[in-house]
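The values are calculated or read from the model by the stated rules, or taken from the named source; none is laboratory data. This one's a predicted model, so the numbers in the text were calculated from it and none came from an experiment. Here the Cβ positions follow ideal geometry from the backbone for every residue, glycine too, while neighbour counts run over all protein chains shown.
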Amino acid sequence: MAGSGTAHLRPDDEVLLRVEDLVVEFPAGRGRTVRAVSGVSFDLARGETLGIVGESGCGKSSAARALVQLPPPRSGSVRLDGLELTALRGEALRRTRRRLQMIFQDPISSLNPRRRVRDIVGEGPRVWQLPGDRVDEVLEAVGLDPATAAERRPHEFSGGQCQRISIARALILDPEVVICDEPVSALDVSVQAQILGLLEDLKDRYRLTLVFIAHDLAVVKNVSDRILVMYLGKVCELAPSADLISRPAHPYTRALIASIPGGGGLDLPPADTLISGEPPSPVDPPSGCRFRTRCPRAAPRCATEEPHIRQVGDDHWLACHFPVKE
Amino acid sequence: MRRRLGFGVWLAAGWIGLVLLAALLADFLPFARYDETLAGPPQSGPSAAHPFGTDGLGRDVLSRVVYGARVSLGVGLGAVLLGLGVGAPLGILAGYRRRATDAVIMAVNDVAQAFPALVFALAVVAFAGANLRNVLIVLGVLGVPSWVRLIRGATLSFAEREFVLAARVLGTRDRRILWREILPNVAVPAASYAFIGMAVVVVAEGSLAFLGLSVQAPTPTWGGLINEGRTLMETAPHVVLAPSVVMFLTVLSFNLVGDRLRALTDVREIGLEPVRAPAALPLPTPTHPVRDTLLQVEELRTHFVTPRGVVKAVDGVSFTLDRGRTLAIVGESGSGKSMLIRSVLGLLPGTSIRGGHVYLSGDDLTAYGPAEMRPVLGRRLGTVFQDPMTALNPVRTIGTQVMEPLRVHLRMSRRQARAEAVELLASVGIPDPVRMLRRYPHQLSGGMRQRVTIAMALSCRPDVLFADEPTTALDVTIQAQVLRLLHRLRAERDMAVVLVSHDLSVVAQWADEVIVMYAGKVVERGPAAEVFARPRMPYTESLLQAAPRLTDPVHHRLRVIPGRPPDLAHLPAGCAFHARCPYARERCELEPPPLSEDHHHPYACWYPRPGTTAEQDVRTTGADSRGR
């Protein structure tokens, strides 16, 4: 899995957000470096939902934060409608913030416990000195009653309601792209369904483009038009959602699907024959294809040569030397 | 809900207020001035005219103590404000900017803190002159390093929180983030520390004054008064006692209020906070036969008496479980599934009321005391919890932790226990188990840690293994490994497994029987394949349809269960689910439905679903192919 390369990117005029060769690194102490994201590229057309799926440590959240430049990536390019965000600093960068909003995993930690909901949601318009008070409108749009909710503080709400407040805070600025980082993984099944439904409604109503990050493939499939599978900071596979689930070509994608009880209706071999062991450390990733240490199909070539992303089907992209062909 | 501060804190705050008020209004109070000699007979004890008596020069001690409070509290307040004024901005800067700013500020701070504070104060005051201003400045400056440290720590903990990140994503400028997001959160710990700082400064000023290095006579200070009275200890103890007691009470009060404020720092509240133990009146249980089965739970109930009312966390749950079977308990958070396990194990806070019976091979565990329960837990009942890190001691090696139950419960020798531990670790799929014995929990991945806790739970060959969300904290590929392992071990060791999970697809694949819980009650029970294929209770049906499945089409609308689970302290009348149920009719609001008599697949519903099949097919494929 190696997944470097940019062959899968579409022409500039078709996309709203274009991410190229994104690299995110953190110091790991003792002079070592965590390579959280190593050369990941993807793009989003206007109105599209891109799902990013992978296990802990695959770099999906680091990539999300690099998109909003918090912190900026070590290298690579993030272009929003042609505007290169990584080249911006200070006030110029701040001025682009309205267009790119984010929703986080922990609904409680996402809200300042000492502020009222009206202030939390109204913070954006105040910062941008926008005319008119839209707090009530967006609270209603996310399914909260402004009359009872606006004057209360976050701890008076359940996890699902807190997530609605976070969504309202992001929406009030009319962003073009909303990055959802594991927005439903802290929620119960019934609440998760409510929030997923809400995101779909809001996407239509506010013409949003979404990056939806999660570890649960079923959740990602439910909301995404295309899915990007990541492993240890690299891209494995990118395909339209239905295609990815019904015809997974990358060994890791197949292992992910087979690990889900029920196996997604595919007749895959048992998960333990598709993946073994544990993910290696991102401080010292394997050479060549990073998945090779757990891959049943690995061959000597995988250790020496990093596979590049190439097309294997209609808008179906893959980074593997020995993909599964059906 | 208002938090309870407690009587002692109000008393302490009252005392601080009284001393402060007296010091402010000293000039208007009806007693002699502090320096008026022979206001009464010298060295006389407490009397109506002089409640604290008089000193050697016949001065009124009460008056001197009250005027002394001006100096003590004045220096305290001034020094604390000075420390806060200098320390808070530095601390916030260090905590928010991080990197170089932080490194420089903290390096200087550490050096400053290494100074022996009181010696430094003595030297400066002796050199620069003993007066109010110098004492205040010295004590204030000495407090700065602690303020920096405290404020930086508080700032750091909030600067990392996602709401600060969210504010930056909104485009909020740094100054506004500091002002709006961080300062209000840092204010509470700062206020708490201000009180404790007051106590420290009052004591320090007292010490200086006692040595004659604070404000000079005739202005009275508490330390000075104690010093003066020292010589009269034998003849007129009240002269030294009065200022000592007042100072002691004041310092104690500042500390008390400060500590209590710190305890309130946590904004979030735990909904289920048992406050007092009611008379241990076990809840009544109807008579029932004790069956010939491994585990029998009969009308188990766990209630908590809270200020909000009686919380019925587990309310009348019954089931039986045989060897070689897996029983799954499913439900959303707050449904009582974890509390049910803890009730069965008897691991409940002392303030709960438990009712009902738990029989393990015919022995009534609810009749056991803690001492009798100890050999049952671990030996006959094993447990695995969601977070393996909390189950493992971080400072002890894996080896000692796996060997401990073997040595304690099975009385093995060290050599035997070691050999057994290696075998156990190998059986849960840990590569190179001999090396593993010497490692510490933090050196392992989450999946490996969970394997270790499973090895520990299995070490004494329990009859029943209780696994509470054992794979929720793990990645999906690791989750499959761990579940497969549990399944294999169950067969190898002929034990029963109780699996608590919120993940219905996991349950469908690995459980034989399933209990669906809602608001502390069992609402449906039966063979897993059948419950998932043909749910009768609408709640089970909606749970199944609310969970996304890989086989659903893209952008498939999931079934939404409106509303929220009910408050366990104020359950609605009738069926607890009726307000969220699309099929509810009038009867559901009035009468709670009992669990139906059907022993194979009982459910609690007046208007059960017919049991559709088409939609849930995929779920059952998991249950059939459980060999995976």
Next item on the list: Specify the residue that is nearest to the chain's Cα centre (by Cα); the eligible residues are those in segment B:294-339 that are surrounded by fewer than 16 Cβ atoms within 10 Å (Cβ to Cβ) and either among the hydrophobic types (A, V, I, L, M, F, W, C) or closer than 26 Å to B:L489 by Cβ (or both).
Entry: B:V310
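Which one of B:G140, B:G206, B:G197 is surrounded by 20 or more Cβ atoms within 10 Å (Cβ to Cβ) and modelled with pLDDT under 90?
Just a single option satisfies the conditions, and that option is B:G206.
Among the residues of segment A:78-100, write down those that are surrounded by 15 or more Cβ atoms within 10 Å (Cβ to Cβ), more than 11 Å from every other protein chain (Cβ to nearest Cβ) and in contact (Cβ under 8 Å) with a residue 24 or more places away in the chain.
Here is the first cut: in segment A:78-100, the ones surrounded by 15 or more Cβ atoms within 10 Å (Cβ to Cβ) are A:78-80, A:85-86, A:88, A:93-94, A:96-100.
From the residues that got through so far, the ones that are more than 11 Å from every other protein chain (Cβ to nearest Cβ) too are A:78-80, A:85-86, A:88.
Those that are surrounded by 15 or more Cβ atoms within 10 Å (Cβ to Cβ), more than 11 Å from every other protein chain (Cβ to nearest Cβ) and in contact (Cβ under 8 Å) with a residue 24 or more places away in the chain: A:V78, A:R79, A:L80.
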Next item on the list: Select from segment A:48-67 the residues that are in a helix (DSSP H, G or I) and not charged (D, E, K, R) and write down the one among them that is surrounded by the most Cβ atoms within 10 Å (Cβ to Cβ).
Entry: A:A63
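Could we say that B:V408 is β-branched (V, I, T), free of Cβ contacts under 8 Å to residues at least 60 places away in the same chain and buried (at least 23 other Cβ atoms within 10 Å of the Cβ) here? Break it down into steps so the answer makes sense when it comes.
Working: β-branched (V, I, T): yes; free of Cβ contacts under 8 Å to residues at least 60 places away in the same chain: yes; buried (at least 23 other Cβ atoms within 10 Å of the Cβ): no.
For B:V408, the condition - β-branched (V, I, T), free of Cβ contacts under 8 Å to residues at least 60 places away in the same chain and buried (at least 23 other Cβ atoms within 10 Å of the Cβ) - is not met.
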Checklist line | Pair list, Cβ under 6 Å, 6 or more apart: segment A:128-141 residue more than 18 Å from A:I167 (Cβ to Cβ), other residue of a type in the set (A, V, I, L, M) and at pLDDT 90 or above | finding: none
Note to self: Under 7 Å between Cβ atoms, which residue pairs at least 6 apart in sequence (or on different chains) link something in segment A:54-65 that is at the interface with chain B (Cβ under 8 Å from one of its Cβ atoms) with a partner that is part of a helix (DSSP H, G or I)?
What the structure shows: A:E55/B:V476; A:E55/B:T477
Notebook entry, point to check: Can you tell me how many residues in segment A:249-264 are more than 10 Å from every other protein chain (Cβ to nearest Cβ) and touching a strand residue (DSSP E or B) at 6+ places or on another chain (Cβ under 7 Å)?
Noted result: 3
Check: Only one of (1) part of a loop (DSSP other than H, G, I, E, B); (2) basic (K, R); (3) more than 30 Å from B:P553 (Cα to Cα) is not met by A:K325, so which one is it?
Finding: (3)
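Is it true that some residue in segment B:502-516 is more than 14 Å from every other protein chain (Cβ to nearest Cβ) and out of contact with any Asp or Glu (no Cβ under 9 Å at 6 or more places or on another chain)?
Within segment B:502-516 (the criterion being more than 14 Å from every other protein chain (Cβ to nearest Cβ) and out of contact with any Asp or Glu (no Cβ under 9 Å at 6 or more places or on another chain)), the answer is yes, since at least one residue qualifies.
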Next item on the list: Filter segment A:180-197 down to the residues that are surrounded by 23 or more Cβ atoms within 10 Å (Cβ to Cβ) and small (G, A, S), then identify the one that is farthest from the chain's Cα centre (by Cα).
Entry: A:S190
Next item on the list: Please find, within segment B:126-170, the residue that is nearest to the other protein chains (Cβ to nearest Cβ) out of those that are over 34 Å from the mean Cα position of the chain (by Cα) and of a type in the set (G, A, S).
Entry: B:G140
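Would you mention how many residues in segment A:19-47 are charged (D, E, K, R) and surrounded by 20 or more Cβ atoms within 10 Å (Cβ to Cβ)?
Matching residues across segment A:19-47 total 2.
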Margin query: Under 9 Å between Cβ atoms, which residue pairs at least 6 apart in sequence (or on different chains) link something in segment B:142-163 that is part of a helix (DSSP H, G or I) with a partner that is of a type in the set (K, R) and modelled with pLDDT under 90?
Written below: B:L156/B:R98; B:A159/B:R98
Check: Can you name the condition, by its number, that A:R226 falls short on among (1) more than 8 Å from every other protein chain (Cβ to nearest Cβ); (2) without any contact (Cβ under 8 Å) to a residue 24 or more places away in the chain; (3) among the charged types (D, E, K, R)?
Finding: (2)
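Within segment B:97-104, is even one residue assigned to a helix (DSSP H, G or I) and surrounded by 20 or more Cβ atoms within 10 Å (Cβ to Cβ)? Walk me through it before giving the result.
Taking segment B:97-104 and keeping what is assigned to a helix (DSSP H, G or I), we get B:97, B:99-104.
Still in the list and also surrounded by 20 or more Cβ atoms within 10 Å (Cβ to Cβ): none.
Checking segment B:97-104: not a single residue is assigned to a helix (DSSP H, G or I) and surrounded by 20 or more Cβ atoms within 10 Å (Cβ to Cβ).
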Note to self: Looking at segment B:536-558 only, could you name the residues that are among the aliphatic types (A, V, I, L, M), more than 35 Å from the chain's Cα centre (by Cα) and more than 8 Å from every other protein chain (Cβ to nearest Cβ)?
What the structure shows: B:M537
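Of everything in segment B:521-532, what is buried (at least 21 other Cβ atoms within 10 Å of the Cβ) and not aromatic (F, W, Y)? Give them in sequence order.
We begin by selecting, within segment B:521-532, every residue buried (at least 21 other Cβ atoms within 10 Å of the Cβ); these are B:521-526, B:528-529, B:531-532.
If the condition is that a residue be buried (at least 21 other Cβ atoms within 10 Å of the Cβ) and not aromatic (F, W, Y), then B:K521, B:V522, B:V523, B:E524, B:R525, B:G526, B:A528, B:A529, B:V531 are the ones that fit.
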Next item on the list: Report, by residue number, each residue of segment B:424-450 that is assigned to a helix (DSSP H, G or I) and within 30 Å of B:T293 (Cβ to Cβ).
Entry: B:L424, B:S427, B:Q450
Note to self: Given the criterion surrounded by 18 or more Cβ atoms within 10 Å (Cβ to Cβ), touching a Pro at 6+ places or on another chain (Cβ under 8 Å) and among the small types (G, A, S), identify the matching residue among B:A421, B:A391.
What the structure shows: B:A421
Next item on the list: Scan segment B:274-312 residue by residue and report those that are aliphatic (A, V, I, L, M) and either modelled with pLDDT of 90 or more or under 22 Å from B:E513 (Cβ atoms) (or both).
Entry: B:V290, B:L294, B:L295, B:V297, B:L300
Next item on the list: Inspect segment A:267-280 for any residue being within 19 Å of the chain's Cα centre (by Cα) and either crowded, with 24+ Cβ neighbours inside 10 Å or touching a residue at least 40 places away in the same chain (Cβ under 8 Å) (or both) and give the result as yes or no.
Entry: no
Item checked: Sole exception among (1) surrounded by fewer than 22 Cβ atoms within 10 Å (Cβ to Cβ); (2) closer than 22 Å to A:T273 by Cβ; (3) of a type outside the set (G, A, S) for A:R290, by number -> (1)
Check: Counting only residues that are farther than 23 Å from A:V312 by Cβ and modelled with pLDDT under 85, which one in segment A:2-18 is surrounded by the most Cβ atoms within 10 Å (Cβ to Cβ)?
Finding: A:D12
Notebook entry, point to check: Hey, which of the helices (runs of 4 or more DSSP H) in segment A:101-208, taking only ones fully inside, have at least 3 residues that are within 8 Å of another protein chain (Cβ to nearest Cβ)?
Noted result: A:117-128, A:159-171, A:189-206
Check: Which condition does B:P116 not pass, out of (1) at pLDDT below 85; (2) within 23 Å of B:I177 (Cα to Cα), if it passes all the others?
Finding: (2)
Item checked: Where B:G563 falls short, out of the listed (1) crowded, with 22+ Cβ neighbours inside 10 Å; (2) among the small types (G, A, S); (3) within 10 Å of chain A (Cβ to nearest Cβ) -> (1)
Notebook entry, point to check: Only one of (1) out of contact with any helix residue (DSSP H, G or I) (no Cβ under 8 Å at 6 or more places or on another chain); (2) away from chain A (no Cβ under 14 Å); (3) modelled with pLDDT under 90 fails for B:R490. Which number is that?
Noted result: (3)
